[in-house]
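A.B. asks: To start, I am sharing the structure in question, which I have written as C-alpha cells.
Each value in this text was obtained by applying a stated rule to the coordinates, not by laboratory testing. Small disclaimer: the values here were computed from a predicted structure and weren't measured. Every residue, glycine among them, receives a Cβ derived from its backbone with ideal geometry; neighbour counts consider all protein chains shown.
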Amino acid sequence: MQGKIKVVSIVGPTASGKTKLSVALAQHFDGEIVSADSMQIYREMQIATAKPDRQEMGGVPHHLMDFLPPDRAYSVADFVSDARKAIEDIASRGKLPFIVGGTGLYVDSLLNNVKFTEAKRDEAESARLRALYDEKGIDHLLAILAEFDRESAERLAEERNPKRIIRAIEVYRTSGVTLTEQNRLSRAEESPYSPIKLGLFFRDREKLYSRINLRVDMMLSQGLIDEAREVLSRPLSDTAVMAIGYKELAPFIRGELPLDECVETLKRETRRYAKRQITWFKRDPEINRLYADDYTSFEELYLAAESIIGHL
C-alpha cells in the first residue's frame, strides 16, 4: 500500500443517509467529498437528484457536483478521469478524499483503476437494438448477449439496465471482443488508491422504502413538479434523461394521468432503483457494511463509521 493515496468510499442505496454521514466524517477527518452520483453532476436538477444544499454540505467542499448542463452526456470514463484529478488535488493539499454516492459503476471503475478504450459507436446498430428492446423486452436482449458473453449477461441481468445491455452487445458486434474480456484487460494496472470502503444499508428493507416514500413526498413539497416541468421542456442528454423524478411525472404534466398515480410510479421506481443498488454493492466483500437500523441514534452510527476509518 506504500505510496498509494488513502481514500474513503461511502456507498449505499438512495435515501440511506450517505450525505449526512459523509459530511460528519469529512468534518472530523479533514476531508473533502468527491460525488459519485451520475445525476448530481447536472445543474438545474436539484430536487429530484436530492442534491445537498449549502447547509447540508456543512462547509465541506464537494467536487463533481452541479457542473454540467443537462444536455451534456457524461460517461463513466469521464467520471473516472475527472475524479482522479479531484482526488490528486485533494490529497496534494493534505486532505482526505471521500468518494460518496450510489452509482456503483462509477465507484468501482474509479477504485479498481479501470482503463477505458475508445470503442467505436454504431448508432444504427444501437437504434436497432433499442427498437428490439421496445418490441420484445429486456430478457430478449439478455438472451442475445448470453450467446457470446454469458458472464456479462448474468451480471447485467441483476441491474436490468437496457442501455448497458445494448452497449455490451454493440461493443462485441463492432470490435469482436466481449465486454467481459475488455473489463479483464482494463484492470491490468494496479490501483493507485488504498480504499476504506463503507456501505450504509438497512436490515429491514421496509424501513428504507419508508424513507424513500417520505423523501418523494418532501421533494414534492419543495417544488419537484415545477422542476420537472422545466427540465422536461429542455433537451436532455442520454445520461440526464435516465434521472428518476422527471419522466415519472411527465404524464401528469401532459395532463394524461392524475398526480397520485404518477407519484406512486415515482415511489415505486425509486424503490426499484434502491434494490438494484443494493444488489450491486452486495458483490463487493471489501465493503464494511453498516446497518442504520442497528443503531438507536445517528451518533452511534457515526461513531461506528469513525472507528472503521480510524483503525484500518
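A.B. asks: Using the 10 angstrom Cβ neighbour count as an exposure proxy, how do L21, L259 rank, fewest first?
C.D. replies: On the way: L21 22, L259 13.
So the residues, fewest neighbours to most, are L259, L21.
A.B. asks: Return the single residue from G17, G94, G58 with maximal mean-square fluctuation; model: Gaussian network over the chain, springs between Cα atoms under 10 Å.
C.D. replies: G94
A.B. asks: By how many nm would the segment from E88 to F148 lengthen if fully extended, with 0.36 nm per residue of separation less the alpha-carbon distance?
C.D. replies: Using 0.36 nm per residue and subtracting the Cα-Cα distance, I get 17.7 nm.
A.B. asks: Where the only charges are on Cβ atoms (+1 Lys, Arg; -1 Asp, Glu), what is the dipole of segment 71-176 about its Cα centre, to the nearest 20 debye? Don't jump to the answer; show the numbers that get you there.
C.D. replies: Numbers: 18 positive and 20 negative charges, 64 e Å.
Dipole of segment 71-176, to the nearest 20 debye: 300 debye.
A.B. asks: If R₀ is 35 angstrom, what is the calculated FRET efficiency for the pair S175 and E299, using the beta carbon separation as r and rounding to 0.05?
C.D. replies: Once rounded, the FRET efficiency stands at 0.10.
A.B. asks: Sorted from fewest to most neighbouring beta carbons within 10 Å, what does the list T49, T14, T180 look like? Before the final figure, lay out each step's value.
C.D. replies: Values: T49 23, T14 20, T180 17.
Ordered by Cβ neighbours within 10 Å, fewest first: T180, T14, T49.
A.B. asks: For K6, what residues show an amide H to amide H distance below 5 Å, using hydrogens built from the backbone and excluding near sequence neighbours?
C.D. replies: Amide H to amide H, under 5 Å and 5 or more residues apart or across chains, K6 pairs with S194.
A.B. asks: Given the rule -39500 (n - 2.57) for each run of at least 4 DSSP H residues, summed and divided by the residues of the chain, what is its mean residue ellipticity at 222 nm, to the nearest 500 deg cm²/dmol? Intermediate results must be reported in sequence, preceding the final value.
C.D. replies: Numbers: 14 runs with 164 residues, N = 312.
That calculation yields -16000 deg cm²/dmol at 222 nm.
A.B. asks: Also, quick follow-up: Determine, for L105, L249, the number of other Cβ atoms within 10 Å of each Cβ, and report the residues in order from fewest to most.
C.D. replies: On the way: L105 17, L249 24.
Fewest-to-most Cβ neighbours within 10 Å comes out as L105, L249.
A.B. asks: Enter the Cα centre distance for the pair segment 1-30 and segment 257-302, rounded to the nearest angstrom.
C.D. replies: 17 Å
A.B. asks: If a paramagnetic tag sat 7 Å from the Cα of M242 along the Cα-Cβ line, which residues of segment 248-274 would have the backbone N under 17 Å from that point?
C.D. replies: Those under the cut-off are 248, 269-274.
A.B. asks: Strictly over 18 Å apart at the Cα level, which of K85/K163; K247/K267; K18/K197 would you flag in this model?
C.D. replies: From K85/K163; K247/K267; K18/K197, over 18 Å: K85/K163.
A.B. asks: Just to check I understand the Karplus step: with θ = phi - 60° and J = 6.51 cos²θ - 1.76 cosθ + 1.60, what whole-Hz values come out for segment 72-82, glycine and proline as x?
C.D. replies: 9, 6, 8, 9, 5, 5, 4, 4, 4, 4, 5
A.B. asks: So, in nm, how far is label S307 from label N161 when the simple model puts each one 7 Å beyond its Cα toward the Cβ?
C.D. replies: Taking the two extended label points, one gets 3.4 nm.
A.B. asks: Can you run phi through the Karplus equation (6.51, -1.76, 1.60; θ = phi - 60°) for segment 56-69 and list ³J(HN,Hα) in whole Hz, with x for Gly and Pro?
C.D. replies: Along segment 56-69, the couplings run 5, 6, x, x, 8, x, 10, 10, 6, 9, 6, 10, 10, x Hz.
A.B. asks: Can you list residues whose amide H is under 5 Å from N288's amide H, if they're 5+ apart or on another chain and H is modeled 1.01 Å from N?
C.D. replies: Amide H to amide H, under 5 Å and 5 or more residues apart or across chains, N288 pairs with K197, L198, G199.
A.B. asks: Determine the sum of side-chain charges near P69: Lys and Arg each +1, Asp and Glu each -1, restricted to other residues whose C-beta is under 12 angstrom from that of P69.
C.D. replies: Values: positive: R43, R72, R234; negative: E44, D66, D71.
Once positives and negatives cancel, what remains is 0.
A.B. asks: Can you tell me the length gained on complete extension of the stretch R43 to N113, counting 0.36 nm per residue apart and subtracting the Cα distance?
C.D. replies: Once the chain is fully extended between R43 and N113, it gains 22.4 nm.
A.B. asks: Another question, then. Between S126 and E286, what is the label-to-label distance in nm when each label sits 7 Å out along the Cα-to-Cβ direction?
C.D. replies: With each label placed 7 Å out from Cα toward Cβ, I get 3.1 nm.
A.B. asks: Now for a different question. Roughly what % of DSSP beta bridges within the chain run antiparallel, to the nearest 5?
C.D. replies: The antiparallel proportion sits near 0 percent.
A.B. asks: Using mean Cβ contacts within 10 Å as the protection proxy, how do 82-89, 285-292, 166-173 order, highest first?
C.D. replies: Averaged packing, sorted descending, gives the order 166-173, 82-89, 285-292.
A.B. asks: While we're here: Highest GNM mean-square fluctuation, the chain, Cα pairs closer than 10 Å: which of S210, S16, S38?
C.D. replies: Largest GNM mean-square fluctuation: S210.
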